[in-house]
Every structure is written in C-alpha cells, then in structure tokens.
Amino acid sequence: MKYPEIKNYINGEFVNATTTRTMDVISPLDGTLLSTVPMSSSSDLDTAVKAAQAAFPAWSKTPIKERVQVFFRYKTLLEKHLKELSDLCTEENGKIYSESKAEIEKCIELTEFATSLPQLVQGELLEVSKGVECKTEYVPLGVVASIVPFNFPSMVPNWTIPNAIALGNCMIIKPSEKVPLSCGVLAKLLKEAGLPDGVFNIVHGDVEIVEAICDHPNIEAVSFVGSTKVAKIVYKRATQNLKRCLSLGGAKNHLMVLPDAIPDMTAQNVAASMSGCAGQRCMAASAMIGVGNIDAIVDKICDEARKIIPGVNLGAVIDKASQERIENYITQAEKAGAKIIVDGRNAKVVGKENGTYVGPTVIDFVTPEMSVAKEEIFGPVISIMRTNTVDEALAIENANPYGNAASVFTQNGAMARYIMEKASAGMVGVNVGVPVPREPFSFGGWNESKFGVCDITGKSSIEFWTKLKKSTVKWNAEAGVNWMS
Ligand code: NAD
C-alpha cells in the first residue's frame, strides 16, 4: 500500500473512524493499491458536527475581512503545492498531469473569488422613512455539509470550501470514497493557512454517511455533486428533513454543429471536449448534432480523435465498472445500427495492464432513441446525430432530461443567438466545447442536472450559504409613529 490508511479529519486532527469497514483506494492508472478509506459511522459524523458546532460561534463572529485572510494564504499554499496536488490527483483519479494541473489552477481561481467576498456582501442600508433605517446583512447558516463526486478530487471540494467557510459557516465534507486522498492535503493546507480547528472537517464514507448527513438535526444545509440518481435521493432526503439543499446531478451535453462552422477549430474543440478527463466531466460533449452536411467536419473530428492516445494524452477512467459500462454503451450502439468510426474498446497501455482505459470513440449515424443518444455515458465517447434543420436539433436537445450545457459551432451570429436562447441548458456556449463559466460567474445546470435554487459557485452561491437578516432601526425620537415606522 503506497500511503498510510486514510483517517477522518475532525477538529484539526486526523483521527481514526470508529468503524472497521474500509474500502481499497486503487489508482486507475495501473491498479496500484494506494490506501484504504474508512466507511465511517453516523457516530463519526456526530463527532464532526459537534466540533463544527463548537467552532461556529467564534468563526462566524470573526469579521469577514479577517476570515478571508485565511483564503489569501490558502491560495498561496495551493500555488506552492500545485505539483504535489496535481500528482496526487492524477494518481487517485487517473487524469493526465496537465488536466490535474488545470484542476488545481481552477481551485486557485475559486479561492481568489472567495477572497473578494467582502466586496460582495456588504448588505444594504436605507433610510426608509424619517429617522428609520432598514438594513440587510448576510448571516452564515451554521454547520453545513458538502458531498462530492470522484471526477474532480480537488476542484469540486473547492467549489464549496472557500465560499461557504469565508461566509462564516463551518463545514463537513464527504469526499468520494474512490478519490479520498486529495481532501486530506486540502485540510493540511487550510490548517497551515490559519483556519481554526473545527471549522473544516472531513468524514469519509459511503451511502451511510450521506444518509446521516441528510438526517442530522444540526446540519443546516447540504450541497451535493454527483449523479442524477443520487442527487435526487439527497435532495429529497435533505429537504424532507427541512434542510436547505443544492444538489447537482449528471449531464448529457449537446454540441450543435452547423455547416458554416470553422472545420479545424470545431473538430479540435469537439474532440477535446468529449475526451478531456477521459470524458468524465459533467461539462463534456457527449452528443453532437450536425445540422445539414457536416461530413468534412466529422472526418476532422475523427482525425483529431485518432491523435488521442490512452496513457499518453488520455487518462484512465475511474474503475473497471466504468470501463465496462462505457464499452457496453459502444457495443449497444453498434448493435442498434450506429457506425463506430473510431473505436476505443479494448484499449491497452503497455506496462499498465491493470489500468482502466477506454480510447476515444466516435459513433456516427446515431438516432435519438438509442441509449448513447439519451443517457450519460461518462467516458471519452461522442455520439453524432444528424438533422436537416436547427429546430430538429433543438427538439432533440430539449427532449433530453438533463440540462447542464449546450454549445453551438457556427459563424452565423443570429443563428447562434437563436440556438442559445432555445437550448434547455443552464450553461450555453458559442464555438466553445466546454462552456464552463469562470469566476465570478456561477456554475449550475438546469432540469435534472440541478435540484434546488442558486448555483454552487460565484456570486449565486452567496445566497445559498447565507441567510438574510433584515433590521429596522429608529434612532430619532422625533420621527414619530405611523404605520411604517
Ligand atoms: P455518484 O452519484 O455515484 O457519487 C457522488 C457522491 O454520492 C459520492 O460521495 C458517493 O459516495 C455518494 N453516493 C453514491 N451512491 C450513493 C447513494 N446511493 N446514496 C447516497 N450517497 C451515494 O457520482 P460519481 O460517480 O462520484 O460522479 C460522477 C457523476 O457526477 C456524473 O453523473 C457527473 O455528471 C456528476 N457530476 C456532476 C457535476 C455537476 O456540476 N452537475 C459535476 C461533477 C460531477
């Protein structure tokens, strides 16, 4: 085992879970056993909640301009530990180093945003009638929880950590049991940055801990990022328990390609979007709809895909089950009559025979009722459909239950605008393969890609992590008494 067994992080200390149930943490790159992760019990969660509750009065009373000083230092520490965190991300998640580095750079940008929060949460004050002032303040909620997926071991935790904590909350995070190592390094960096003990805690585990989080009476809000199936379970359970909940689910993102699209740029963007992070991004292009004759662009997409080599510029998928699921989707499409032009099945990386790789896959002549057209595959696979009109393409996009992202490739501004307006997705783009908004713009999809109000990052997240206090104050005795004073 490469690393010592993983511990929970509670009240500023790495501590053993009270359970003996563990899971192996396997590197998808080559099957190396990295560590074991405890499947904590609800009593471990309770200990973490108590630590967070104890830390909350002092932390929430610390002025925000002081709280963000921790995040100025945390940002510098992320920069200093960029290589260590990127290496660890590659090791536990399987993505290639440049993708891991980009992930940590995004963590830095997210932290940079949190340091700007004092500029965004001053509240408002107005003399509403003679001598009477109304004021609003953003007040932290208390103990909050963040449940995260495997595909971004550092970035998704940092969607929530800097903003929720800088806004005065104390947090418990439940990392994915598949990639539990990176969060431990984040905990060390937060401590080194001066975050008081108990403000940030990690409880490892699986379903049991997620359920315990949703049920715990002293957790005020829950954010979840993962598959739609679990996002629904968490949203229902947390809100049933009268908690605030923001639950982000899976995706099936459509790229609409018009014949006037710039061929080389389009092909490069489509190939990069579908294969980046081995297709395990909730913003990855998964379905492409060509409107009219786009054969020349499809040829170029295939040329680009053939340059993507597993183990070189394409990482591994997370585990054997994912590898099998993705390959099954390709086989199903083949059986249903689609054409596999670039086939990523049975990918092998010499010297890494126990790694879990799927090569880039381009499936053409897909029809809307095929499973590869409708379902999230979460692998480096693009399913190409063809229509005669933009409205037919939009009908396919609109019929999909998800709604994370959609993008159009064209040089026609009016057409691009029309498609952006009609696409049923929270994040849309023009000539961009992965239309992820950058800070301070917020991240969040629509439909079955997100349950709850607010987005998880950017300005929108302020509303999620705080509640408004409204005060009405009268200092002036001569102001008199009437219905509005
Ligand atoms: P997942 O839903 O399997 O797991 C996410 C978290 O939920 C993990 O911490 C896991 O331990 C826990 N969990 C798993 N099954 C559970 C259950 N039955 N009950 C309670 N908790 C459970 O997701 P994943 O495989 O880790 O991540 C991939 C998915 O996440 C994809 O669907 C992807 O689209 C989605 N994702 C979405 C976004 C977004 O912004 N919308 C971002 C990243 C990933």
Which entries of LYS252/LYS335; LYS374/LYS467; LYS101/LYS232; LYS75/LYS374; LYS75/LYS469 have Cα-Cα distances beyond 28 Å here?
LYS374/LYS467; LYS101/LYS232; LYS75/LYS374; LYS75/LYS469
What angle, in degrees between 0 and 90 and rounded to the nearest 10, separates the Cα long axis of helix 64-80 from the longest principal axis of the Cα atoms of the chain?
30
Correct semi-axes for the stretch 253-430, from √(5λ) of the alpha-carbon gyration tensor and rounded to whole Å with the largest first, are 27, 16, 15
Pull out the extension gain between GLN332 and ASP303, defined as 0.36 nm times the separation in residues minus the alpha carbon to alpha carbon distance; nm, one decimal.
8.1 nm
Using a 10 Å cut-off on Cβ atoms, rank the peptides 324-333, 422-431, 401-410 from the highest mean neighbour count down.
401-410, 422-431, 324-333
Sulfur and carbon atoms: percent of accessible area, the stretch 376-475 [1.4 Å]:
55
FRET efficiency, ALA272 to ALA477 (Cβ-Cβ, R0 56 Å, nearest 0.05):
0.25
If packing is taken as the mean number of other Cβ atoms within 10 Å per residue, what is the order of 342-350, 379-387, highest first?
379-387, 342-350
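So for each of 248-256, 355-363 I average, over its residues, the number of other beta carbons within 10 Å; can you give me the resulting order with the highest mean first?
248-256, 355-363
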Quick calc: nm separation of the 7 Å Cα→Cβ label points for ALA399 and TYR418 -> 2.0
Counting only protein heavy atoms and rolling a 1.4 Å probe, one gets per residue an accessible area for the chain in Å² of 41
Sum up the charges of everything whose Cβ sits under 11 Å from the Cβ of LYS7, counting Lys and Arg as +1 and Asp and Glu as -1, but leave LYS7 out.
-3
Using 23 Å as the Cα-Cα cut-off, could you pick out the over-long pairs in LYS80/LYS188; LYS61/LYS130; LYS243/LYS470?
LYS61/LYS130
Dipole axis of the chain (+1 Lys, Arg; -1 Asp, Glu on Cβ), positive-most option in SER41, MET288, VAL139
VAL139
1/(1 + (r/R0)^6) with r = Cβ-Cβ of GLU5 and THR239, R0 = 30 Å, i.e. FRET efficiency to nearest 0.05, evaluates to 0.30
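Once you keep just the Cα pairs under 8 angstrom separated by 6 or more residues, what percentage relative contact order results for the chain?
18
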For the chain, what is one quarter of the convex hull surface built on the Cα atoms, given in nm²?
25.0
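Please report the antiparallel percentage of the DSSP beta bridges confined to the stretch 253-430, to the nearest 5.
Of those bridges, close to 10 percent are antiparallel.
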With the dipole of the chain worked out from charges on the C-beta (+1 for Lys and Arg, -1 for Asp and Glu) around the Cα centre, which of LEU120, SER176, ILE382 lies farthest toward the positive end?
LEU120
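Pull out the extension gain between GLU211 and PHE14, defined as 0.36 nm times the separation in residues minus the alpha carbon to alpha carbon distance; nm, one decimal.
Here the answer is 68.6 nm.
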Gained length - GLU105 relative to THR76, 0.36 nm times residue gap less alpha-carbon distance
9.3 nm
Given charges of +1 on the Cβ of Lys and Arg and -1 on the Cβ of Asp and Glu, with all other atoms neutral, how large is the dipole of the chain about its Cα centre, in debye to the nearest 20?
860
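The values are calculated or read from the model by the stated rules, or taken from the named source; none is laboratory data. All figures in this text were calculated on a predicted structure; none of them were measured in a lab. Using ideal geometry, Cβ is built from the backbone for each residue, glycine included, and neighbour counts are taken over all protein chains shown. These accessible areas exclude ligands, DNA and RNA; they are computed on the full protein's heavy atoms, side chains included. Shrake-Rupley method; radii C 1.70, N 1.55, O 1.52, S 1.80 Å.
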